[in-house]
Amino acid sequence: GAPWQRWLVFAALVSFALYNVVSHVEEARTPPKVAVGAQAPKVTTTLIRGGKVSLTPAPGALLLPDFWATWCKPCVRSMPELLAVDRRLEDKPFRMVLINQDFGVDGRKELIRNFARSHAIEGLPVAIDKGPAAHAWGVNRLPTTVIIDSSGIVRHRWTGVEDADTVVGLVEALLKGG
């Protein structure tokens, strides 16, 4: 192509890269709607297997809500880690809820069931969010994972994949009063 076309493509790529850098820096500067140390919002959502689940911990227990989607590659990578966390902490006062964010998908329940089967997470509580839970938590990136203590206070919050050893260590420290 002509030199002006190459420059136009180059300028577009540079503009796109700068936009991404600025937006990520701005996002990092903006504290989440529900930050560490805040009271967790009182939200209820629907489990895929039926029934409702509260995103508030039971008395004396910790709760780990994880916001994810089937199309999110980091979410998919986090599934084995979350499964390992659940298995390692099954005898502790701890529970996890995986809150799906696949909005506007036809056959959403079947999509999630197939995903759960193929990723061996069928035993974990999977909830369907139609928007209120993610909105209440201010979730704008996936996966977003939170650990809430037994008083309903957010003690840890992160975006992205975290390894099972780290998550188990965070939970065990909180269970010991740390």
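Structural remarks
- Pair list, Cβ < 6 Å and 6+ apart or interchain, from region 100-116 residues that are on the phi < 0 side of the Ramachandran plot to residues that are open to solvent by 60 Å² or more (accessible area, probe 1.4 Å) and part of a loop (DSSP other than H, G, I, E, B): ALA116/GLU122
- The condition (being aliphatic (A, V, I, L, M) and open to solvent by less than 20 Å² (accessible area, probe 1.4 Å)) is satisfied by just one residue among ILE153, ILE148: ILE148.
- Test: residue in region 152-159 that is touching a residue at least 60 places away in the same chain (Cβ under 8 Å), out of contact with any Ser or Thr (no Cβ under 7 Å at 6 or more places or on another chain) and in a loop (DSSP other than H, G, I, E, B): no
- In region 49-66, residue least open to solvent (accessible area, probe 1.4 Å) [restricted to those that are farther than 17 Å from VAL154 by Cβ and part of a strand (DSSP E or B)]: VAL53
- Number of positions in region 121-139 that are without any contact (Cβ under 8 Å) to a residue 12 or more places away in the chain and part of a helix (DSSP H, G or I): 1
- Subset of region 67-80 [open to solvent by 50 Å² or more (accessible area, probe 1.4 Å) and outside any helix (DSSP H, G or I)]: TRP71
- Filter pass, THR30 being at pLDDT below 95 and among the hydroxyl-bearing types (Ser, Thr, Tyr): yes
- Of the listed requirements (1) open to solvent by 60 Å² or more (accessible area, probe 1.4 Å); (2) under 15 Å from PRO65 (Cβ atoms); (3) of a type outside the set (S, T, N, Q); (4) at pLDDT below 95, GLU110 misses just one: (2).
- Residues located in region 149-175, provided they are over 13 Å from the mean Cα position of the chain (by Cα) and closer than 18 Å to PRO41 by Cβ: ASP149, SER150, SER151, GLY152, ILE153, VAL154, ARG155
- Test result for VAL85, touching a residue at least 40 places away in the same chain (Cβ under 8 Å) and surrounded by 15 or more Cβ atoms within 10 Å (Cβ to Cβ): yes
- Once region 90-106 is narrowed to residues that are at pLDDT 95 or above and β-branched (Val, Ile, Thr), the residue that is nearest to THR70 (Cα to Cα) is ILE99.
- Among (1) part of a helix (DSSP H, G or I); (2) crowded, with 20+ Cβ neighbours inside 10 Å - the single one MET96 does not satisfy: (1)
The values are calculated or read from the model by the stated rules, or taken from the named source; none is laboratory data. Nothing here was measured: the structure is a model prediction, and the numbers come from that model. Here the Cβ is made from the backbone with ideal geometry for all residues, glycine too, and neighbour counts use every protein chain on show. SASA here: full protein model, heavy atoms, side chains in, ligands and nucleic acids out. Shrake-Rupley method; radii C 1.70, N 1.55, O 1.52, S 1.80 Å.
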